[in-house]
Amino acid sequence: MPRNVEIKAKIRDLLQLRTRAQSIADSGPFEIQQDDTFFVCHNGRLKLRIFSESHGELIFYRRDDSPNPKESQYVITPTSAPYELREMLVLSLGECGRVRKQRTLFLAGNTRIHLDEVEGLGAFMELEVVLSGRETVAQGIETAHRVMQQLGVSNQDLVDRAYVDLLKAAT
């Protein structure tokens with residue numbers, strides 16, 4: 001199962017962070033609209049991410065709820081019929097949340113830097129340090145800390161939950 005090391009942080013100054021991300025990135029920015037529907041799943045999280053009428057991804061993942069850099073294991077399956085798949089999954093499993101966001105993606109080595117404007121929550125940043133088969137979680141954590149430092153993100157800014165959980169807590 002593919003793995004990465006992740007962190008999420010609340011952003012105070014999106015423009016400043018965007019400038020810093022641009023300065024360390026190998027490529028980007030890439031602008032991506034995302035509509036994530038979460039389904040009832042007892043051994044991790046299952047979400048359908050819709051990009052357009054003909055492009056989506058069903059994503060299963062497992063990770064701890066912790067503000068610190070943490071390992072996430074995931075499987076992604078593309079779909080060309082995301083709305084039909086969402087209807088089937090809602091009917092069979094039940095929907096447990098929905099997150100809509102505008103994501104700006106930068107790539108810096110093996111790290112994905114996501115600047116997210118989340119509907120109903122505000123601005124956040126996620127780092128995903130993609131681990132190769134030989135890389136350890138400790139190496140991924142070290143990379144996450146280095147990129148956080150380059151971006152000026154402090155430990156006090158880190159968030160311990162998924163957007164869907166933050167949205168539930170806000171209502």
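More than 17 Å apart: what percent of Cα pairs in segment 80-135 qualify?
60
Compute the relative contact order of the chain as a whole-number percentage, counting only Cα pairs closer than 8 Å that sit 6 or more residues apart in sequence. Numbers along the way, then the final one.
Details: 359 pairs, mean separation 54.3, N = 171.
Computed value for the chain: 32 percent relative contact order.
Using just the Cα positions, wrap segment 1-47 in a convex hull and report its mean projected area in square nanometres, one decimal place. Before the final figure, lay out the partial values.
On the way: hull surface 21.8 nm².
Computing the convex hull of the Cα atoms and averaging its projections yields 5.5 nm².
Can you tell me the accessible area per residue over the chain, all protein chains present, probe 1.4 angstrom, in square angstrom?
Values: 8880 Å² over 171 residues.
Result: 52 Å² per residue.
Give me the accessible area of T19, 1.4 Å probe, in Å² rounded to the nearest 10.
Per-residue accessible area (T19): approximately 90 Å².
Treating only the Cβ atoms of Lys and Arg (+1) and Asp and Glu (-1) as charged, compute the dipole magnitude of segment 87-148 about its Cα centre; round to the nearest 20 debye. Can you show the working numbers first?
On the way: 7 positive and 9 negative charges, 29 e Å.
Dipole of segment 87-148, to the nearest 20 debye: 140 debye.
Given the C-alpha atoms of the chain, compute the convex hull and give its volume per residue in Å³. Spell out each step's value before the answer.
Values: hull volume 20.0 nm³, N = 171.
Measuring per residue, one finds 117 Å³ for the Cα hull of the chain.
Over the chain, with every protein chain in place, what whole percent of the accessible area is carbon and sulfur at 1.4 Å, could you tell me? Each step should come with its number before you reach the end.
On the way: 4430 of 8880 Å².
On the chain, the fraction of accessible area on carbon and sulfur atoms equals 50 percent.
Note down the magnitude of the dipole of the chain about its Cα centre, charges +1 on Lys and Arg C-beta and -1 on Asp and Glu C-beta and zero elsewhere, to the nearest 20 debye. Let's see the in-between values first.
On the way: 22 positive and 24 negative charges, 52 e Å.
With Lys and Arg at +1 and Asp and Glu at -1, about 240 debye.
Okay, helix-only estimate at 222 nm for the chain: each DSSP H run of n ≥ 4 adds -39500 (n - 2.57), divide by all residues, round to 500 deg cm²/dmol; what do you get? Don't skip to the answer; put the middle values down first.
Numbers: 4 runs with 45 residues, N = 171.
Dividing the helical sum by the residues of the chain leaves -8000 deg cm²/dmol.
Ranked by accessible surface with a 1.4 Å probe, highest first, in what order do R146, R134, R103 come?
R134, R146, R103
For segment 24-63 and segment 106-127, write down the distance between their C-alpha centroids in whole Å.
About 12 Å separates the Cα centre of segment 24-63 from the one of segment 106-127.
Could you please put Y74, Y83 in sequence from largest to smallest accessible area, using a 1.4 Å probe?
Values: Y74 35, Y83 100 Å².
Ranked list, largest accessible area first: Y83, Y74.
The values are calculated or read from the model by the stated rules, or taken from the named source; none is laboratory data. What you see is a predicted model, and the numbers here were worked out from it, not measured in a lab. Virtual Cβ from ideal backbone geometry, glycine too; neighbours counted across all protein chains shown. Only protein heavy atoms, including side chains, enter the accessible area calculation; ligands, DNA and RNA are left aside. Shrake-Rupley method; radii C 1.70, N 1.55, O 1.52, S 1.80 Å.
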